[in-house]
Amino acid sequence: MLAQVELSLLRTDIPSLVGGVALLLGISLLLVRAVAGPTTYDRILAMNAIGTKAALLIALLGFITERPDFLDIALAYAILNFVGTIAILKFIRHRRLG
């Protein structure tokens, strides 16, 4: 019985941890791109991708802790990330938001 519980934990925990580490590695690489990006658009794209990966990390954290409420938070964060990116791009292009 105990061996089955441990085996089921390994099936869910190890891939979740590997996915979390991969997301954190991707965020760190994108952070380098955001700081060193040669153009403004490279920096904005990197920040948008960081926001997307952060939303995935929030959803993964909700899966690991078995709290489905985190999925709602991740979706709201992803929508805010998208709207914010569009607003920043519009501001850079037209130098005004209205």
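Taken together, the values in this text are just the output of simple stated rules run on the coordinates, not laboratory data. Not measured: the values here are computed from a predicted model. Cβ coordinates were reconstructed from backbone atoms using ideal geometry, including for glycine residues, and neighbour counts include every protein chain displayed.
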Within the chain: Cβ-based charge dipole about Cα centre, in debye rounded to nearest 20 (Lys, Arg +1; Asp, Glu -1): 760 debye
Net charge, residue 32 excluded, C-beta distance under 14 Å - Lys, Arg +1, Asp, Glu -1: +2
Peptides 43-52, 57-66, 81-90 ordered by average Cβ neighbours within 10 Å, highest first: 43-52, 57-66, 81-90
Relative contact order of segment 2-94, defined on C-alpha pairs under 8 angstrom at six or more residues apart (%): 23 percent
Rg/Rg_globular for the chain, with Rg_globular taken as 2.2 N^0.38 Å and Rg from C-alpha atoms: 1.41
The chain: calculated mean residue ellipticity at 222 nm from DSSP helix runs of at least 4, using -39500 (n - 2.57): -31500 deg cm²/dmol
